[in-house]
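The values are calculated or read from the model by the stated rules, or taken from the named source; none is laboratory data. Just so you know, these numbers come straight off a predicted model, no measurement behind them. As a convention, Cβ positions derive from the backbone with ideal geometry for all residues, glycine included, and neighbour counts pool all protein chains shown. Only protein heavy atoms, including side chains, enter the accessible area calculation; ligands, DNA and RNA are left aside. Shrake-Rupley method; radii C 1.70, N 1.55, O 1.52, S 1.80 Å.
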Amino acid sequence: MEAHNLLVKIDNSIALLTLNRPKQLNALNLQLINNLNQELKKIKTDKNVKSVIITGSGEKAFVAGADIKEFAKLNREEGKSLAKNGQKKLFDFIENFPKPVIAAINGFALGGGLELAMACHIRLASNYAKMGLPEVSLGVIPGYGGTQRLAQLVGKGKALEMITTGRIIDANQALNYRLVNNVFESEDLILKCKELAHQIAKNSSNAISAAIKSINAGFDSSLNGFEVEINSFGSCFGTDDFIEGTSAFLEKRKPNF
Ligand code: DAK
């Protein structure tokens, strides 16, 4: 049922979001984008959640793209407005999310699916994962930030090659391209994502948010990343986390954030 197209499990400070349209290989439709947006908004202010893992249900796909059946009927204006709306509601929202978002790429991550994974802060893949931006084979280009984020991650030349050929690469090649941070046996993937999330959770949430903001600023041509870093650095001083972190060091104990 469409109402269950997104499974949410919050446990031990981690929100595990599972896109759940396995029969359509978890293709992203408007309803799923809206549900993800709503859920992420709640998680943003939930003090019990320190990080998010996004994955796909079933063994075959993370997300096999935007729902082709849904966007096939759009005209030029509708396409443009949907791209803008989707980028703002989901892809930019995730990229600028103040808590780390990890993509657990458990299978096909194609088109909008790879764009979703690329909007996440960290990508871990199963050894069965396959990735690509095949939009040109459908007569469109990546519309959810893919032309920008792929080039940022793998460099302009490889991005141009992947996008113009629409070629699908396997997990090892994606690792080689630095499109993913690491590759694991598929049965270990979620566990490895959780281990990473726990490692991050030991640190100051406030400082982590400031680090995400500063790193992102370096890729935003309207901002000066160094200036954002200076301001974000300053904003850490005097916070509870800063007091706890520095006190713990001086008292030779582990911080309790
Ligand atoms: N959309 C809708 N349904 C999809 C789908 C998709 N992207 N991908 C797979 N499915 C559905 C199939 O239609 C099939 O449904 P039934 O026929 O059983 O009803 C079911 O999932 C199983 O798929 P297959 O039978 O094809 O499974 P195979 O193992 O044979 O092949 C495959 C797996 C991943 C190689 C194949 O399904 C495939 O090539 N899928 C399409 C991959 C693709 O081209 N993805 C990129 C889509 S383009 C936009 C912004 C962004 C975008 C678009 C608009 N706007 C703002 C408007 C982005 C565009 C894209 O993502």
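The table for this structure:
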read-out	value
The lone exception for Leu133 - which of (1) farther than 30 Å from His198 by Cβ; (2) in contact (Cβ under 8 Å) with a residue 40 or more places away in the chain; (3) open to solvent by less than 60 Å² (accessible area, probe 1.4 Å) it fails	(2)
Single condition Arg123 does not satisfy, out of (1) assigned to a strand (DSSP E or B); (2) open to solvent by 70 Å² or more (accessible area, probe 1.4 Å)	(2)
Breaking point among (1) out of contact with any Cys (no Cβ under 8 Å at 6 or more places or on another chain); (2) outside any strand (DSSP E or B); (3) within 24 Å of Ala210 (Cβ to Cβ); (4) away from the ligand (no atom under 12 Å from the Cβ), for Gln38	(3)
Test set (1) surrounded by 24 or more Cβ atoms within 10 Å (Cβ to Cβ); (2) out of contact with any Pro (no Cβ under 9 Å at 6 or more places or on another chain) - Leu114 fails condition number	(2)
Near pairs, Cβ below 9 angstrom, 6+ apart or cross-chain, from the range 207-224 (on the phi < 0 side of the Ramachandran plot and charged (D, E, K, R)) to any residue that is at pLDDT 95 or above and part of a loop (DSSP other than H, G, I, E, B)	Lys213/Asn96; Lys213/Pro98
Unmet requirement for Tyr144, which otherwise passes all of (1) within 30 Å of Ala72 (Cβ to Cβ); (2) surrounded by 15 or more Cβ atoms within 10 Å (Cβ to Cβ); (3) without any contact (Cβ under 8 Å) to a residue 60 or more places away in the chain	(3)
Matching residues, the range 52-97, being under 12 Å from the mean Cα position of the chain (by Cα) and open to solvent by 20 Å² or more (accessible area, probe 1.4 Å)	Asp92, Phe93, Glu95, Asn96
Selection within the range 210-223 - out of contact with any Gly (no Cβ under 9 Å at 6 or more places or on another chain) and open to solvent by 40 Å² or more (accessible area, probe 1.4 Å)	Ala211, Lys213, Asp220, Ser221, Ser222, Leu223
Residue tally, condition within 9 Å of the ligand (Cβ to nearest atom) and touching a residue at least 12 places away in the same chain (Cβ under 8 Å), over the range 83-97	3
Of residues in the range 98-120 being within 16 Å of the ligand (Cβ to nearest atom) and assigned to a strand (DSSP E or B), the one nearest to the chain's Cα centre (by Cα)	Ala103
